[in-house]
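Input: a single structure, listed below in structure tokens.
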Amino acid sequence: MQSWRGWRTSKLAEQRSLRVVFFISSLLFVLVTGWAVWNEAKTRRPWKAYQQEFNRLEHDRVVRELAVERSRFDAPEVRTTLAKLQKDLKAAQARLAGPESAKAQQLLAQREAEYAEINMKAQFIKSELDEALYWVEHAIQSKQDSTKPRAKAAAIEKQLQGLTAQVNMANTRMEEAREAVKRFQADVDAIQARIDELSAPVMTLERRLESIRARPLEVKQIVVEGLATNEFKEPILTVDRCTTCHLAIDRPGFEQARQPFRTHPYREVLFGQHLITRFGCTSCHQGQGPTLDVEAAHGEVLHWARPLLRGDFVQTSCRKCHAEKKEFALAPIYSRGRQMVEELGCFGCHMMAGFEKVQKVGPDLTRIANKVDPSWLVRWINKPRGYLPKTKMPNFGLSDEDALSIAAYLLNTSQPIPELHGEFKAPASVERGREIVSTVGCLGCHRVPGLEAKIPPAGASPAVPSVHTLAVPPDSEKEAPGGAAKTASEPKPMKAWLVAPPPSPENQDFAPDLSKIASKVNADWLFAWVKNPKQFRPTTRMPNLRLSDDDARAVTAFLMTLGQKQRVGGLEQEVRKAERIAAGERLIRKRGCFGCHDIKGFETSEKIAPDLSNFSQKRLQELFFGEAVQVKQTWQDYTFWKLKNPRIYATERVEQLMPNFGFTDEEAKTLRVFLKSLSTERVQPQFQRSPSDEELAIQNGRTLVKRYNCNGCHVIEGQGGAIAPFYANETRIPPPLEVGMMHEGEKVQATWLYQFLGRPVPLRPWLDVRMPTFGLSIEEATTLTKYFAVMGKQQVPYEYVSVGEPAPELMKAGRLLMSKDYFDCFTCHQQGEKKPEGPSEGWAPDLSLAKRRLRPIWIGKWLKDPQKIQPGTKMPSYYPDGPDDILGGKEDRQIQAITEYLMHLGEN
């Protein structure tokens, strides 16, 4: 009995335990289920909260807009207008239902019946005519007499003609009756349309509110086809779900909203060329497209190699599809960074895609001994900025001994100078040299102390935009020196760049500052260089100013007063030592000086620095931070300090060979943006975009304009004119070439421009400043000609300007119009060797060159309104209000006559 009771007690205890376990399990199940539901709905779906918030934001905005529209709709004047329209509508509806409308409808029904009856009768007669014509044809084919069939067919045809006139008349009466009926309905429709127009804004917003309230919360995604590839380089489908949170990215009206509800900057420009449905978001911004968690979607998680590009770094994505393009209107930091690489010659040491054919940026050192003072050369190698504060030559941190060794090698391997034509003979007129340097055009590129800028001429032409200039980009995100990005400011409205003021003399540093030139070079070399720079270096950018021997001696005499040589005793013997020369060769090979300069003995040497073609994809493990614990362990910070101070990563065992360029923070950040674009990743061919012929012509032309500093003298694309402040009289400065309505390519004939660029001839012989001879290659002259032609929207390849036989009447009229009795053109304009009669300040170009130089169509545009094409020009406007006694006062005929006369000027 006791055993049974014990067994029963144990069973009851077991049952109670099971009940407790079941209760606890059920409770845990409920809790876990509740947590799972909450986690799924809230924690793992933050996008729902964003969509709800955006719906509230848009709802509130629409409510405010609706309140405004309702207040307008409820305004007394609108209500009065609406009441009158309602009254007119009732009257029109009454007329539509009234007896006159019913009578018009009855008349229409009657006219339709009449038309149907007479038209049917005509159709029957027509069928009879077809039968009669058949029997005529049958008789002819059967060789029977066709007289009777013909007579019958003629009678039926005559009857049909009478019926056709009746059908047309019946149709006209029917259409008139239909128009009368329509007028009743048209009155109703017109009034209703005006009522709908008044209420449309309110109704539209009310419908929009209804759609917002009914809008479901859902994941939004874009499927991008073929933009990305897998490990086997095969195109694959990718998904971007960014628009799940960034709901207004392609919707106007949210430009000032906070993220993620802000409209994309320049939405119409960017999305017009890059459909979001085709390119998605991560192709430009990176991140992790399929993810819906904020941090993961931005790619700011461990082991994700493509985090969101913030601030200026987003500009680097342009290079993926536009690898051949150099400048982007909406990527100014990237564009400037690329230009810095080209100017500084980074490709001389590093392999960089796109720069394989770019010329070395430094001067040829194979004849250096004939040019410079040895003591100066040592100081220059040791501390370049001690001579030129704005030089592009970096500081290698060399010791005095190292600098001396490098100079020794360069001086001892220097080649003989070419045979010179003429020589410097002192003394020469220093004042004459000063005058030539200050007037002939040297100040467009060089800074020369003692030659002060004149006061800019009063009444200078206002700044006008060029149709081809880049658009002003949005403000970029600013960053601290450590590389941490700050919040981006709102983009500014796009507008064309205006004519930029020329740089001040202290900022004019395209070519070397000549303030200490005498401490550097010897007089004989300088004389020969000024005479013909190309004989020393065929690829030099320094042009030939076509100076006479006397002028070149005067310029040399003046320049040799700028600075004083500081010779070091015993230096010439020291640089001849064999061990010094050998040490210099090793240092040059180690430091890679040949990357920028041509140096004897290093013609085939390889680049010394790492390949940067995929630098943006470098992982932290591949970057050497050395002992720089103060630098944050990120790609951005590493690159910033590598550019700012390369030696920061040097250790006792690891030497840093990269020189210091002395970049400012902004320059280092700008260059860093370009480096972020260097990747071997390439999109599929269908997404790659090569520049069009027109874009390529502009890009290549701009490259040459920068290379030869055409902007130093001329205003081109609204930029330049650095030489202008040195001339008190605006008639003495070179003319603008490409600004506002002024387009050199539209103005001059392409064949003439090509020849002029290769071999300039004086157009304004009274000017002291002259167009130099740059010694352009055939390809360069062709490129610049294409550039100006495209900027002027002219045909490329070029058309030949053909001038036919002149009409005697037009030639006579043109000669008369240009004579002293009317426009007196030759008081200002030169005509061949014949100088103008007025003062030189008012002289104008030689018109004897017009037939070979100017385009006839442009002459007509210029004569109609010179101020519109070139604001501020001294060319007077004769039209409208031309003379009434020539060619009947017809201005177009008079302009044609002047054009004809100019295009045949000088002919018998």
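Summary table
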read-out	value
Set of lysines near LYS632 by C-alpha distance (under 19 Å), chain-local residues within fewer than 8 positions excluded	LYS478, LYS486, LYS618, LYS642, LYS644, LYS669, LYS676
Dipole magnitude of the stretch 562-712 about its Cα centre (Cβ charges: Lys, Arg +1; Asp, Glu -1), debye to nearest 20	320
Förster radius 60 Å - calculated FRET efficiency between LYS454 and ASP693, Cβ distance, rounded to 0.05	0.90
Cα centroid separation, the stretch 71-117 to the stretch 825-860 (Å)	72
Sites SER26 and MET203 - FRET efficiency at Förster radius 45 Å, r taken between beta-carbons, to 0.05	0.25
Above-threshold pairs, the threshold being 23 Å between Cα atoms, out of LYS706/LYS874; LYS834/LYS861; LYS392/LYS577; LYS835/LYS868; LYS392/LYS516; LYS383/LYS565	LYS706/LYS874; LYS834/LYS861; LYS392/LYS577; LYS835/LYS868
Residue-normalised accessible area of the chain, expressed per residue, 1.4 Å probe, Å²	56
Local electrostatic count at GLY775 - Lys and Arg +1, Asp and Glu -1, tallied over other residues with Cβ under 12 Å	+4
Percentage of interatomic Cα-Cα distances in the stretch 347-394 larger than 12 Å	72
Fraction of accessible area attributable to carbon and sulfur, the chain (%, probe 1.4 Å)	56
Reachable aspartates and glutamates from LYS390, criterion Cα separation under 14 angstrom, eight or more residues apart if same chain	GLU343, GLU506, ASP509, ASP513, GLU667
Rg(Cα)/(2.2 N^0.38 Å) for the stretch 756-847, N = residue count	1.42
The stretch 665-796, dipole about Cα centre (Lys/Arg Cβ +1, Asp/Glu Cβ -1), debye to the nearest 20	140
Radius 12 Å from Cβ of ALA83, net charge of other residues (Lys, Arg +1; Asp, Glu -1)	+2
Spherically averaged projected area in nm², based on the convex hull that wraps the Cα atoms of the chain	82.1
Derived scalar couplings ³J(HN,Hα) [the stretch 732-740; Karplus, 6.51 cos²θ - 1.76 cosθ + 1.60; whole Hz; x for Gly, Pro]	9, 9, x, x, x, 10, 8, 7, x
Options SER405, PRO883, ILE778, ranked by Cα towards positive dipole end of the chain, top entry (Cβ charges)	SER405
For the stretch 606-689, radius of gyration divided by Kirkwood radius, i.e. Rg to Rh on alpha-carbons	1.02
Förster-model FRET efficiency, 30 Å R0, ILE778 and LEU275, C-beta, rounded to 0.05	0.10
The chain: relative contact order as a whole-number percent, Cα under 8 Å and 6+ apart	11
Overall dimensions of the stretch 226-353 by Cα: Rg and Dmax, Å	16.4, 49
All aspartates and glutamates inside 13 Å of LYS87 as judged from Cα atoms, apart from same-chain residues fewer than 8 positions distant	ASP187
Those trypsin sites (Lys or Arg not before Pro) in the stretch 52-161 that DSSP places in a loop and that have at most 10 other beta carbons within 10 Å	LYS143
Separation in nanometres of the label points that stand 7 Å from Cα toward Cβ, at ASN544 and HIS138	9.9
Segment ASP768-ASP892, extension gain: residue separation times 0.36 nm, minus the distance between their alpha carbons	40.9 nm
Dipole-positive endmost among THR604, TYR708, ALA296 within the chain (Cβ charges, Cα centre)	ALA296
The chain, dipole about Cα centre (Lys/Arg Cβ +1, Asp/Glu Cβ -1), debye to the nearest 20	2740
Net charge over other residues, Cβ less than 12 angstrom from the Cβ of SER414 (K, R count +1; D, E count -1)	+1
Positive-end extreme of charge dipole, the chain - chosen from ALA305, ALA323, GLY450 (charges on Cβ)	ALA305
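The values are calculated or read from the model by the stated rules, or taken from the named source; none is laboratory data. Predicted, not measured: the structure shown is a model, and the values here were computed from it. Here the Cβ is made from the backbone with ideal geometry for all residues, glycine too, and neighbour counts use every protein chain on show. Remember, those area values only see protein heavy atoms, side chains included, never the ligands or the DNA or RNA. Shrake-Rupley method; radii C 1.70, N 1.55, O 1.52, S 1.80 Å.
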